[in-house]
Every structure is written in structure tokens, then in C-alpha cells.
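Undergrad: There's a structure below that I have some questions on.
The values are calculated or read from the model by the stated rules, or taken from the named source; none is laboratory data. The structure presented is a predicted model; accordingly, all values stated were derived computationally and were not measured. Reconstructed Cβ throughout: ideal geometry from the backbone, glycine too, with neighbour counts over all protein chains shown. Accessible surface areas use protein heavy atoms only, side chains included; no ligands, DNA or RNA. Shrake-Rupley method; radii C 1.70, N 1.55, O 1.52, S 1.80 Å.
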Amino acid sequence: MPFDFPYETISEGEAVVAVPKLSAFKKAPWEYAPSKAPVFYNPIMRLNRDIAIVAIQVFQKISGREIIVAEPLAGCGVRGIRFALEIEGIRHVYMNDLNPKAYEMAKYNVEMNRLSDAVTLSNEDANLFMSRYAAPRRRFDCIDIDPFGSPTPFLDSAIRALRDGGLLALTATDMAPLCGVHPKAALRKYGGLSIRTEYCHEIAMRLLIGSLVMAAAKHDIGVKVLFSHKSNHYIRVYAMLLHGARRADESIEEMGYILHCFNCFHRETFRGFTCAEKRCRFCGAAMEISGPLWLGRLADGDFCERMEEEALRRKKLDRRVKNIISTVHRELDGPATYFVIDKICDKLGLPSPPMRRVAENLMKKNFKVWPTHFNPNGIRTDAPARIVVESVKISAQPPS
């Protein structure tokens with residue numbers, strides 16, 4: 001037996017890997033088994049890994065060269081192994097984990113998939129690992145950081161270890177601070193205040209990107225967001241880092257605040273770093289402020305289009321991958337923040353109407369409407385909050 005703990009062999013994509021047998025480490029129904037196992041492995045994150053393969057493959061094709069990919073927090077190694085097996089044009093994959101048991105399991109899995117020549121493993125602190133590749137001509141083309149919690153402790157090391165024009169993929173799973181449950185924790189970790197609104201997951205995404213923008217700016221590096229999505233219990237961002245003070249300044253210009261009125265649903269954005277507390281111009285209530293955070297686009301249209309094409313080409317992806325990519329692509333032109341129909345109905349004491357009916361009423365008034373992948377009952381629209389509320393009221397009435 002190669003390991004001193006219960007394990008099983010599973011297949012994911014093109015990979016066959018040994019993973020901890022999670023059922024053996026879960027003593028109560030509410031326990032989170034991946035954090036109890038001696039080596040971290042989360043089967044729910046397969047969707048995350050599937051989208052990563054699509055995104056990195058598109059990045060590789062755009063770059064037009066063989067790429068070197070790093071995974072500083074490898075766990076059992078399933079992500080890096082899938083990269084080596086499933087992405088064309090990868091020259092080498094570097095995998096690392098501080099946990100000695102994770103290192104041994106990843107090494108076993110690399111050998112089982114016959115990738116010893118394509119993958120290099122190390123067993124050290126993630127920041128130390130990335131710092132070893134911070135010198136010019138040693139840097140990675142792509143770094144994928146998928147931690148248990150916040151990725152911010154690894155940002156500076158990742159930025160220094162990524163080449164000009166490289167791709168940085170970040171996952172954040174600490175949704176309570178990011179979604180306004182613990183706003184002071186969000187300020188400590190991400191440099192901006194969160195608020196608990198119906199579109200809190202979008203605020204979470206914008207706070208994560210904002211923290212990356214400000215971390216990169218310290219190194220005179222700008223950020224171009226290529227794709228981002230919220231799924232299950234996490235948010236995920238893919239960004240290209242572009243060297244130069246001008247690029248950094250351009251990215252900082254996309255930073256600002258979101259102001260939200262909890263009384264009438266009005267929200268507005270404010271670019272810059274000097275946003276003073278203000279009252280809602282529609283109802284006079286004090287507005288809550290979130291930020292500073294990223295106010296730019298959450299994805300790039302051309303990159304989304306290429307991802308859609310790549311996803312169609314692949315047969316072993318989670319069925320949700322194509323839908324997430326296409327919905328993110330469609331909502332690109334919408335304004336920041338979205339409205340959740342159920343939230344409005346709860347406040348007004350109304351039955352929840354079909355979202356389609358609300359959208360039709362808004363479009364009859366010559367407003368644009370987009371769906372959002374953040375919430376199946378959410379819509380983006382250029383209509384002001386009072387018009388949205390009015391359309392919900394009309395839509396909630398029984399047909400005559």
C-alpha cells in the first residue's frame with residue numbers, strides 16, 4: 001500500500017489519479033471532508049479544473065508558443081497532471097506542495113500517468129517555490145493558484161514569477177468576507193470593503209480583481225482580465241499581466257466604488273479613490289459603499305469567443321462549462337451589478353414573476369437586458385432601479 005491513509009483511484013478527464021477516500025475522513029454530515037483529509041482533494045472543483053483547461057489552452061494558442069505552467073498548491077496533483085495530459089503546446093509543468101504527503105501522492109500520480117519527463121515536483125512553501133523563478137528568463141508563462149481560502153498571500157510572489165504577458169489564474173473560496181458577512185476581513189485581505197447585497201458575488205469578484213490590480217501596480221504591471229466566473233462556493237479569475245508603468249496606471253483607472261441603497265435598490269459606480277459618503281438621490285437614504293474595487297470588464301469578448309470554440313471541441317468536460325462561458329460572454333456589455341427578482345419581491349411582499357416577463361416589460365420600455373451567470377434569477381439592465389421595481393410590480397400582477 002503506497003499511502004498510510006485510505007485512498008482510491010479515480011479518473012478525471014484524461015487523468016487517472018489516486019486521491020484520499022474522502023468518506024473515510026468525514027465523521028459528521030456537516031463536516032467538510034477535503035479539509036479533514038491528509039492530502040487536499042475536492043471533487044466539486046472538477047468544473048473549475050475543466051474551465052482552467054479550456055482557458056489555458058486558448059491562452060497557449062493566442063501566445064503561439066509552447067508554455068511553461070506552474071501550480072504552487074498542487075495537493076494530490078490532479079490539476080497539474082490534467083494540464084500536462086490535456087493541453088496542447090505545454091512544454092513543462094511545475095507542481096509544488098508544502099505538505100509532504102501531498103508531494104508523495106502527487107509524485108505517485110505523475111508516475112502512474114507516465115509524466116515524469118513532463119512534470120517537475122517540489123515540496124516547499126508556495127511563495128518560496130515561486131520566488132525561485134522570479135528572475136528574468138526563469139519565469140512561468142502561466143501560474144494557477146487554487147488555495148483553500150484566499151489567494152492574496154500568494155499574489156506578490158506569483159506576479160514576480162510570471163513573465164510579461166503571462167496568465168495568472170486565481171481562485172478565492174473565502175466567500176463570507178468577500179460577500180459582506182465579514183467586511184473588515186475583506187478590507188484586511190483584499191484592500192476593499194464588501195457589502196451584503198443581492199449581487200454580493202459580483203462584488204466579491206471585483207474585490208479580488210482589485211486586489212490583484214493594486215498588487216501588480218506596485219511592480220509597474222498592469223492587468224487585463226480575460227475571463228472570470230462564479231461557481232458553487234468560489235470565484236475564479238484569469239488575468240494577463242502586462243509590464244509597464246503606463247499599463248499599471250491604466251488598470252488603476254478602472255478602480256473605484258459601488259454605492260448601494262438598501263431602501264430603494266438604487267446603485268451607482270464611482271471611479272477614483274476619493275468617494276465620500278452620500279445619500280441616495282432617489283429616496284434620500286444613506287448609501288452603503290463597497291470598495292475600492294475593480295469597475296472594468298469581468299472578461300474579454302475575443303477570449304470568451306475562443307473559449308466557446310475550444311469548449312465545443314472537447315468531449316469530456318462538465319456539461320455546465322459551455323453554458324457558463326456563453327453566459328459570461330453574453331453579459332459582458334451589461335453594466336456593473338445586477339438585480340435579483342426574488343429579492344425585490346421579498347421586500348415588496350409580491351409573488352415572484354417569471355424573469356422572462358420582467359425582461360420583456362423592460363425591453364418594451366427600450367431598456368437592454370442581459371442574463372447573468374452569477375444568479376439564475378438575476379438580470380443586468382441599463383434601466384434605473386425604480387424602473388426595474390416598477391416592471392417587477394407589473395409582471396407580478398396576474399394576467400387579465
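Undergrad: Quick check for you: with a 1.4 Å probe and neighbouring chains kept, what is the accessible area per residue of the range 234-359, in Å²? Spell out each step's value before the answer.
TA: Working: 6210 Å² over 126 residues.
Roughly 49 Å² per residue, with all protein chains present.
Undergrad: I'd like the orientation of helix 320-330 relative to the chain: the angle between its Cα long axis and the longest Cα principal axis, in ° from 0 to 90, rounded to 10.
TA: 50
Undergrad: On to the next question. Based on the Cβ-Cβ distance of K36 and E14, what FRET efficiency does E = 1/(1 + (r/R0)^6) give at R0 = 25 Å, to the nearest 0.05?
TA: Values: r = 28 Å, r/R0 = 1.14.
The pair K36/E14 has a calculated efficiency of 0.30.
Undergrad: Nearest 10 degrees, 0 to 90: what angle lies between the long axis of helix 46-63 and the longest principal axis of the chain (Cα atoms)?
TA: It is inclined by approximately 80 degrees.
Undergrad: A further question on this structure: Using a Gaussian network model on the chain with a 10 Å cutoff between Cα atoms, which of I341, I62, I252 fluctuates the most?
TA: In the Gaussian network model the winner is I62.
Undergrad: Give, rounded to the nearest 20 debye, the magnitude of the charge dipole that the range 258-307 has about its Cα centre when Lys and Arg contribute +1 at Cβ and Asp and Glu contribute -1 at Cβ. Let's see the in-between values first.
TA: Details: 7 positive and 6 negative charges, 46 e Å.
Here the range 258-307 has a charge dipole of around 220 debye.
Undergrad: Using a 1.4 Å probe over the heavy atoms of the protein chains, calculate the carbon and sulfur portion of the accessible area of the range 219-325 as a whole percent.
TA: Details: 2350 of 5090 Å².
Roughly 46 percent of what the probe reaches on the range 219-325 is carbon or sulfur.
Undergrad: Cα to Cα, under 28 Å, and not fewer than 8 places away if on the same chain: which lysines meet these conditions relative to K224?
TA: Once the sequence-local lysines are set aside, what remains near K224 is K61, K184, K189, K322, K368.
Undergrad: Hey, in the GNM for the chain with a 10 angstrom Cα cutoff, which one of R137, R206, R247 fluctuates hardest?
TA: R137
Undergrad: Under a 10 Å cutoff between Cα atoms, tell me which one of C142, C76, C264 has the largest fluctuation in the Gaussian network model of the chain.
TA: Sorting by GNM fluctuation, first place goes to C264.
Undergrad: Which far-off residues, 5 or more places away or on another chain, put their amide H under 5 Å from the one on C179, with H placed in the peptide plane?
TA: The list, which skips near neighbours in sequence, is empty: none.
Undergrad: In whole Å, what is the distance between the alpha-carbon centres of the range 33-69 and the range 261-306?
TA: 31
Undergrad: Could I ask something else about it? Which percent, to the nearest 5, of DSSP beta bridges fully inside the chain are antiparallel? Please report the intermediate quantities before stating the final value.
TA: Numbers: 40 of 56 bridges.
If we restrict to bridges inside the chain, about 70 percent are antiparallel.
Undergrad: Can you give the extra length, in nm with one decimal, that the chain gains between R196 and K27 once fully stretched, where that is 0.36 nm per residue apart less the Cα-Cα distance?
TA: Values: separation 169, 0.36 × 169 = 60.84 nm, distance 3.24 nm.
So the chain would gain 57.6 nm between R196 and K27.
Undergrad: From the backbone phi of the range 235-247, what are the Karplus-calculated ³J(HN,Hα) couplings (6.51 cos²θ - 1.76 cosθ + 1.60, θ = phi - 60°) in whole Hz, Gly and Pro given as x?
TA: Calculated HN-Hα couplings, in order: 10, 9, 10, 10, 9, 8, 9, 10, 6, x, 4, 4, 4 Hz.
Undergrad: At 0.36 nm per residue, minus the direct Cα-Cα distance, what do H92 and R188 gain on full extension? Give it in nm, one decimal, please.
TA: Numbers: separation 96, 0.36 × 96 = 34.56 nm, distance 3.56 nm.
Fully extending the segment from H92 to R188 adds 31.0 nm.
Undergrad: Taking the highest mean first, how do the peptides 174-183, 365-374 order by number of other beta carbon atoms within 10 angstrom per residue?
TA: By packing density, highest mean first, the sequence is 174-183, 365-374.
Undergrad: What's log10 of I(q)/I(0) for the range 100-189 at q = 0.18, 0.22 Å⁻¹, Debye sum over Cα points only, no solvent?
TA: Reported log10 I(q)/I(0), two decimals: -0.94, -1.13.
Undergrad: Can you list residues from other chains, or at least 5 along the same chain, whose modelled amide H is less than 5 Å from the amide H of H266?
TA: Hits under the 5 Å cutoff: C261.
Undergrad: Now a separate question. Given a Förster radius of 56 Å and the C-beta distance between E360 and K61 as r, what FRET efficiency does 1/(1 + (r/R0)^6) yield to the nearest 0.05? Intermediate values should be presented prior to the final figure.
TA: On the way: r = 39 Å, r/R0 = 0.70.
Once the sixth-power term is evaluated, E becomes 0.90.
Undergrad: Please go through the range 200-301 and write out the GluC sites (Glu not before Pro) that DSSP classes as loop and that have at most 16 other C-beta atoms within 10 Å. Kindly include the intermediate steps, with their values, before the conclusion.
TA: Working: sites: E202, E250, E253, E254, E268, E277, E288; in loops: E253, E254, E277.
When the GluC sites (Glu not before Pro) of the range 200-301 are filtered for loop state and at most 16 Cβ neighbours within 10 Å, E253, E277 remain.
Undergrad: Using only alpha carbon pairs under 8 Å that are at least six residues apart, calculate the relative contact order of the chain and give it in whole percent. Don't skip to the end; give the middle numbers.
TA: Working: 811 pairs, mean separation 43.8, N = 400.
Reported relative contact order: 11 percent.
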